[in-house]
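Undergrad: Below is one structure. I have some questions about it.
The values are calculated or read from the model by the stated rules, or taken from the named source; none is laboratory data. Keep in mind the model is a prediction, meaning the values are calculated, not measured. Counting neighbours? That spans all protein chains shown, and the Cβs are built from the backbone with ideal geometry, glycine included. Note: areas computed on protein heavy atoms with side chains; ligands, DNA, RNA excluded. Shrake-Rupley method; radii C 1.70, N 1.55, O 1.52, S 1.80 Å.
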Amino acid sequence: MEEKVNGSYDADKIQVLEGLDPVRKRPGMYIGSTDERGLHHLIWEVVDNAVDEALAGYCTECTVEVQRDGSVSVTDNGRGIPVGEKKIVKNGKEVMVSAVEVVMTHLHAGGKFGGGGYNVSGGLHGVGVTVVNALSEWLEVEVARDGRLYRQRFNRGVPQRALAVIGKTDKCGTKVTFMPDPDIFETTDFNYDTIKTRLREVAYLNKGFTVNLIDSRDGRENSETFRYDRGILDFVDHLNRTKETIFPQSLYIEKMNDDNEVEIAMQYNDGYSENIYAYANNINTEEGGTHLDGFRNALTKVINDYAHANNLLKDDDKLSGEDVREGLTAIISVKLKNPQFEGQTKTKLGNSEMRTIVAKALTDGLGTYLEENPAEAKELVLKTITAARARAEARKARDLTRRKGVLESNALPGKLADCTDKDPAHTEIYIVEGDSAGGTAKQGRDRRFQAILPLRGKILNVQKARLNRVLENAEIKAMITAFGCGIGDDFDESKLRYDKIICMTDADVDGSHIRILLLTFFFNFMRPLIEKGHVYSAMPPLYKISKGKRVEYAYSDPELAAKLDGMGRKGCEVQRYKGLGEMSKDQLWETTMSPEHRTLIQITMEDAFEADEIFSTLMGDQPELRRKFIEENAKLIETKDLDV
Ligand code: 0RA
């Protein structure tokens with residue numbers, strides 16, 4: 001309930017409002033959630049501060065280190081948090097404390113004091129390092145500034161003593177080290193790959209900025225550095241690195257004024273999917289928004305206008321948005337002063353001015369490029385015309401198959417063992433490799449809510465095929481009818497017959513090959529399934545450990561070692577599973593299918609994208625990439641013999 005404040009300055013109230021209790025009481029409001037995603041958000045908040053310093057022109061490098069004890073430090077060479085004293089109200093009294101302490105303990109002091117300068121603050125919730133402090137068991141901040149090194153420590157947001165000078169230095173910058181509070185977070189185990197993916201993205205989005213990542217945890221030692229002098233141009237080239245491209249060089253467009261900045265990098269490849277990523281203030285705006293709308297509208301218009309003006313397209317013919325985006329890889333990155341984030345996950349940019357600003361940037365940039373490079377322009381227009389024709393043909397093929405009842409028939413595929421519950425909110429379907437594992441899964445499942453669809457052998461690699469070819473493949477047809485949600489432009493999530501689609505493949509090279517094929521199919525033809533989190537990978541155990549009557553399972557080598565330790569290694573028998581088929585129906589249920597004991601890995605867009613990429617590497621037109629991939633991944637193919 002909101003209280004009326006009757007004009008009087010009530011210091012105690014303000015103290016309560018500004019204190020960190022609200023953050024600890026409702027962490028989700030500030031970092032989205034308290035799961036793994038929320039946990040990593042803590043790192044992003046501190047890194048955002050370093051990026052802000054870089055955008056303001058004072059910082060060139062940032063280092064994230066996961067320490068041996070599981071805490072994380074973020075070090076930057078920015079100006080350092082100001083150390084001067086400020087007057088604040090603490091427990092109803094006016095007192096002087098350092099600016100460092102104010103920044104660390106006052107929610108609304110997160111922003112830079114003063115103002116002036118070019119400052120577009122990132123951060124999903126814009127509350128930054130204060131929130132990290134509130135949600136950490138302990139946090140230590142070190143500031144190097146004006147020749148001195150300062151330090152202050154906090155426990156659960158509460159300062160343990162005032163900021164102190166602890167030495168001299170000729171550097172400047174800030175180091176924040178924090179231990180996430182286990183009372184707040186469901187897990188406090190940071191994931192190297194998650195951090196790496198985000199830091200690489202930050203480096204791509206801020207050209208010239210160096211980001212180091214170090215993992216110092218026992219047994220997980222690792223380190224990497226990211227720095228891209230061509231920024232999002234390097235990003236686009238990276239995304240296309242396994243593909244044949246159309247323009248001799250990726251196109252870069254930049255427009256900057258006092259209040260905002262627009263950057264676009266784009267390149268076409270010979271594939272059929274569209275990969276456009278839009279960012280606002282370094283945040284991946286997954287739900288799109290005005291910047292993406294402006295880009296798409298302008299792209300369709302520029303290419304149609306050029307095609308008409310140069311008699312490549314008849315006056316009354318028109319290329320659709322999908323036609324001009326086929327095979328397009330693009331990054332749109334905008335930076336602006338007061339970003340409005342909307343949508344369910346607050347990742348949709350709402351600022352209406354960005355629509356016209358981005359549209360104008362693209363119209364000018366791409367328009368000029370097409371005028372100046374008629375050969376490339378013609379190739380591009382012909383490609384989009386081919387796309388339009390193919391789309392028309394695919395539509396015909398789809399209409400035909402639809403009439404024949406392939407896509408929308410009620411007849412479910414014969415191999416499908418459906419579940420009895422018909423409410424899609426409760427049900428799941430296992431896609432299982434091979435009839436034999438399929439048989440075991442059918443016997444082991446809980447038939448009330450688990451359906452089994454066995455696939456025979458490999459499915460088609462859909463990457464180089466258009467819809468009509470894809471629809472000829474029996475395994476794919478079986479999946480389409482079983483899922484019920486249609487594909488491509490006809491995809492309709494509300495018709496999906498299962499909440500979870502679980503790929504259950506052997507834990508070996510062939511198994512991961514099949515999983516990659518499945519993900520490539522979903523990625524290209526049922527992408528919302530992945531975006532909405534419906535796709536999972538089952539995790540069968542790698543080892544069975546028996547000692548007398550006691551049986552345990554291990555899902556990884558470290559887990560095997562730990563379990564063997566726990567069981568007192570003597571007399572343990574270890575069996576390495578080579579495939580699902582080696583398990584009995586009870587073992588399969590217990591280890592891989594029972595909701596109580598199983599581990600499911602939710603497939604993210606990043607995973608799917610990687611799968612798609614692996615495919616172009618393995619199957620694509622560039623043999624040298626293929627060779628490199630196989631060399632780098634040869635260890636996957638080695639088998640390990642265990643001798644206990
Ligand atoms: C407040 C004001 C200024 C910088 C910062 C905070 C700042 C915070 C963090 C957190 C991590 N690294 C940081 N670097 C800087 C402006 C400083 C000035 O005007 O001198």
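Undergrad: Quick one: dipole size for the range 332-399, taken about the Cα centre, charges +1 on Lys/Arg Cβ and -1 on Asp/Glu Cβ, in debye to the nearest 20. Please report the intermediate quantities before stating the final value.
TA: Working: 13 positive and 9 negative charges, 87 e Å.
Approximately 420 debye in magnitude.
Undergrad: May I ask you to derive the FRET efficiency for Asp229 and Val551 from their Cβ-Cβ distance with R0 = 60 Å, giving the value to the nearest 0.05? Please report the intermediate quantities before stating the final value.
TA: Numbers: r = 55 Å, r/R0 = 0.92.
Once rounded, the FRET efficiency stands at 0.60.
Undergrad: Indicate the gyration tensor shape class of the chain (rounded, prolate or oblate), computed on the Cα atoms with a ≥ b ≥ c the square roots of the eigenvalues: a/c under 1.5 is rounded; otherwise a/b larger than b/c is prolate and the rest oblate.
TA: Working: a/c = 1.89, a/b = 1.20, b/c = 1.57.
The shape class here is oblate.
Undergrad: Quick check: with the 1.4 Å probe, what order do Met96, Met179 take by accessible area, largest first?
TA: Values: Met96 105, Met179 35 Å².
Solvent-accessible surface, decreasing: Met96, Met179.
Undergrad: On full extension of the chain, what length is gained from Arg456 through Ala56, given 0.36 nm per residue of separation minus the C-alpha to C-alpha distance? List each step's numbers first, then the result.
TA: Working: separation 400, 0.36 × 400 = 144.00 nm, distance 5.75 nm.
That works out to 138.3 nm of additional length.
Undergrad: Sticking with this one: Roughly how many percent of the accessible protein surface of the chain is carbon and sulfur, given a 1.4 Å probe and a whole-percent answer?
TA: Working: 14870 of 31020 Å².
The computed percentage sits at 48.
Undergrad: Right, here's the next one. Under unit Cβ charges (Lys, Arg +1; Asp, Glu -1), what dipole magnitude, rounded to 20 debye, does the range 155-249 have relative to its Cα centre? Intermediate values should be presented prior to the final figure.
TA: Details: 15 positive and 15 negative charges, 93 e Å.
The dipole magnitude comes to about 440 debye.
Undergrad: Now for a different question. Residue separation times 0.36 nm, minus the C-alpha to C-alpha distance between Glu610 and Arg37: what's the value?
TA: On the way: separation 573, 0.36 × 573 = 206.28 nm, distance 1.99 nm.
Taking 0.36 nm per residue and subtracting the Cα distance, the gain is 204.3 nm.
Undergrad: Moving to a separate point now. For a quick check: with amide H placed at 1.01 Å from N, whose amide H comes under 5 Å from Lys86's, ignoring anything fewer than 5 positions away on the same chain?
TA: Those qualifying (amide H under 5 Å, at least 5 residues apart or on another chain) are Val97, Ser98, Ala99.
Undergrad: Mind putting a number on the dipole of the chain about its Cα centre? Charges go on the C-beta only, +1 for Lys and Arg and -1 for Asp and Glu, and I need it in Debye to the nearest 20.
TA: Details: 88 positive and 104 negative charges, 196 e Å.
Charge dipole of the chain: 940 debye, to the nearest 20.
Undergrad: Now a separate question. Please compute the length gained on full extension between Met256 and Asp189, using 0.36 nm multiplied by the number of residues separating them and subtracting their Cα-Cα distance.
TA: Numbers: separation 67, 0.36 × 67 = 24.12 nm, distance 4.00 nm.
In short, 20.1 nm is gained.
Undergrad: In the range 430-533, which trypsin sites (Lys or Arg not before Pro) fall in coil by DSSP and have 16 or fewer other Cβ atoms within 10 Å? Before the final figure, lay out the partial values.
TA: Working: sites: Lys442, Arg445, Arg447, Arg448, Arg456, Lys458, Lys464, Arg466, Arg469, Lys477, Lys495, Arg497, Lys500, Arg515, Lys532; in loops: Arg445, Arg447, Arg448, Arg456, Lys458, Arg466, Arg497, Lys532.
Here the sparse-neighbourhood loop sites are Arg447, Arg448, Arg456, Lys458, Arg466, Lys532.
Undergrad: Same structure, new question: State the antiparallel share, in %, of DSSP beta bridges confined to the chain, rounding to the nearest 5.
TA: Details: 76 of 103 bridges.
Here the antiparallel bridges make up roughly 75 percent for the chain.
Undergrad: Let me ask something additional. Any of Lys243/Lys346; Lys196/Lys578; Lys168/Lys337; Lys415/Lys585 with alpha carbons more than 29 Å apart? Name them for me. List each step's numbers first, then the result.
TA: Details: Lys243/Lys346 33 Å; Lys196/Lys578 31 Å; Lys168/Lys337 36 Å; Lys415/Lys585 18 Å.
Table pairs above 29 Å Cα-Cα are Lys243/Lys346; Lys196/Lys578; Lys168/Lys337.
Undergrad: Sorting Cys172, Cys572 by accessible area (1.4 Å probe), largest first, what list results?
TA: These residues rank, largest area first, as Cys172, Cys572.
Undergrad: Place a point 7 Å from Cα of Ala392 in the direction of its Cβ. Which residues in the range 305-320 have their backbone N less than 18 Å from it?
TA: Answer for the range 305-320: 305, 307-308, 311-320.
Undergrad: In terms of the Cα gyration tensor, with a ≥ b ≥ c the square roots of its eigenvalues, is the range 265-343 rounded because a/c is under 1.5, prolate because a/b exceeds b/c, or oblate? Show your work: numbers first, answer last.
TA: Working: a/c = 2.74, a/b = 1.95, b/c = 1.40.
It is prolate, given that a/c is not under 1.5 and a/b is the larger ratio.
Undergrad: May I pose another question? Going by amide H atoms built from the backbone, whose H comes under 5 Å of the H on Ile276, apart from near neighbours?
TA: Answer set, sorted by chain and number: Ala330.
Undergrad: Now for a separate question. Give the shape of the range 11-91 as rounded, prolate or oblate, defined through the alpha-carbon gyration tensor: a ≥ b ≥ c are the square roots of its eigenvalues, a/c under 1.5 means rounded, and otherwise the shape is prolate if a/b is larger than b/c and oblate if not.
TA: It comes out oblate by the Cα gyration axes.
Undergrad: Would you check the accessible area of His238, probe 1.4 Å, heavy atoms only, in square angstrom rounded to 10?
TA: Rounded to the nearest 10, the figure is 50 Å².
Undergrad: Suppose R0 equals 60 Å. What FRET efficiency, 1/(1 + (r/R0)^6) with r the Cβ-Cβ distance, do Asp508 and Asn311 give to the nearest 0.05? Each step should come with its number before you reach the end.
TA: Values: r = 56 Å, r/R0 = 0.94.
The value I calculate is 0.60.
Undergrad: Based on the Cβ-Cβ distance from Ala162 to Ser216, what FRET efficiency comes out when R0 is 41 Å, to the nearest 0.05? Numbers along the way, then the final one.
TA: On the way: r = 30 Å, r/R0 = 0.73.
Efficiency for this residue pair is about 0.85.
Undergrad: Excluding the sites themselves, what is the longest stretch of the chain that contains no chymotrypsin sites (Phe, Trp or Tyr not before Pro) in a DSSP loop with at most 11 other C-beta atoms within 10 Å? Don't jump to the answer; show the numbers that get you there.
TA: Working: sites that count: Tyr9, Phe113.
Between the exposed loop sites, the longest stretch runs 114-644.
Undergrad: Just the number please: accessible area per residue for the chain, 1.4 Å probe, all protein chains included, in Å².
TA: Numbers: 31020 Å² over 644 residues.
About 48 Å² of surface per residue is accessible.
Undergrad: Something else now. Return the equivalent ellipsoid semi-axes of the range 292-381 as a descending list in whole Å, where each equals the square root of 5 times an eigenvalue of the C-alpha gyration tensor. Each step should come with its number before you reach the end.
TA: Numbers: eigenvalues 163, 37, 25 Å².
Taking √(5λ) for each Cα gyration eigenvalue gives 29, 14, 11 Å.
Undergrad: Quick check: with the 1.4 Å probe, what order do Lys87, Lys168 take by accessible area, largest first?
TA: On the way: Lys87 135, Lys168 190 Å².
Heavy-atom accessible area, descending, gives Lys168, Lys87.
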